[in-house]
Amino acid sequence: MTIRALFVDAGGVLYNNINEETEFLVRVADRYGLDREELERSVCDVAPLYEGGVKHVHQVFQRLVNPGRWTRKGKRLDTRWLDAAYIDSVRAYRENFQALKDVRRDDPRLTVVLTNNEAEHWDRLKDEAFRHFRMFDTLCSSWHIRQVKPSRAYFAEVMRRIRVPAAETLLIDDRAAVLRVGAALGMRTLHVDAPGVFSGRLRAAVRGEAVPSAH
């Protein structure tokens, strides 16, 4: 069956994963005198608040540098420093940007959809620096959908907006848990467990050729 839509993740596919692969959280912890491991655990717990658009990422980090508080009392978050530290940690995978552009050029009928978990503010900062939004027909970032992957509610809303059958959709992600949900819904999947997988296997996956799947 022909692939008509690509659901493309950003972190781990077009960019590095900031929290997992860089010193960003270490820098935040050290600047505000926090335990590094505790901050990492806390960010994992509260990330859906900013990824799902419930709270601005600055509000969430204001609380993280002042555990137990949502108020402005306590340590004041330096938002300019935080954003600079974040964007300084970002690495764009240029070969993967080009691979996506090439596939779009080869088949202009494809609907290419951004399906990432990210804070709106940081998604826009990355777009200002690297212009990834322009490669997509539709933005279905978690902050747009108000749901986060890998929830079925997230995918249900994306499918409602895109109106392409699951069997004609290729889901591209670096997380096996996300791909398992997509596969259960009938999507084809491409597991990007290293940056070079995307540029190396995208064309074959779009053509419907068999590629290794996530387990």
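The values are calculated or read from the model by the stated rules, or taken from the named source; none is laboratory data. Note that the coordinates shown come from a computational prediction; the quantities given were computed from them, not determined experimentally. Every residue, glycine among them, receives a Cβ derived from its backbone with ideal geometry; neighbour counts consider all protein chains shown. Just the protein is used for accessible areas: all its heavy atoms, side chains included, with ligands, DNA and RNA removed. Shrake-Rupley method; radii C 1.70, N 1.55, O 1.52, S 1.80 Å.
Multiply the residue gap between R161 and R109 by 0.36 nm, knock off their C-alpha separation, and tell me the result in nm, one decimal place.
So the extension gain works out to 17.0 nm.
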Relative contact order as a percentage, the chain, C-alpha pairs under 8 Å and 6+ apart, gives 29 percent
Cα extents of the stretch 82-122 per principal axis, largest first, Å, are 40, 20, 10
Per residue, accessible area of the chain with a 1.4 Å probe, heavy atoms of protein chains only, in Å², comes to 50 Å²
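With a sphere of radius 15 Å drawn around the Cβ of F7, what net charge do the other residues whose Cβ falls strictly inside it have (Lys, Arg +1; Asp, Glu -1)?
On the way: positive: R4, R104, K149, R152, R160, R161, R163, R175, R180, R188; negative: D9, E118, D137, E157, E168, D173, D174.
Summing Lys/Arg as +1 and Asp/Glu as -1 gives +3.
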For the chain, the longest principal axis of the Cα atoms and the Cα long axis of helix 120-130 enclose an angle in degrees, to the nearest 10, of 70 degrees
Quick calc, R36 & H58: beta-carbon distance into FRET formula, R0 22 Å, rounding 0.05, result 0.60
Cα convex hull volume per residue for the stretch 17-60, in Å³, equals 67 Å³
Of all DSSP beta bridges having both residues in the chain, the percent classed as antiparallel (nearest 5) is 5 percent
Diffing the stretch 26-37: the Karplus 3J(HN,Hα) column from phi (6.51, -1.76, 1.60, θ = phi - 60°), in whole Hz with x for Gly and Pro, holds 4, 4, 5, 4, 5, 5, 10, x, 9, 5, 4, 5
As a Kirkwood estimate from alpha-carbon pairs, the chain has a hydrodynamic radius in angstrom of 18.0 Å
If each K or R counts +1 and each D or E counts -1, the residues other than V57 whose Cβ falls under 13 Å of its Cβ total -1
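Could you work out the per residue convex hull volume over the alpha carbons of the stretch 113-215, in cubic angstrom?
103 Å³
What does the charge count near E168 come to, summing +1 for each Lys or Arg and -1 for each Asp or Glu among other residues with Cβ under 14 Å from its Cβ?
Overall, the nearby charge balance is +4.
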Expected vector for the stretch 101-107, Karplus 3J(HN,Hα) from phi with 6.51, -1.76, 1.60 and θ = phi - 60°, integer Hz, x for Gly and Pro, equals 4, 5, 5, 5, 5, 5, 9
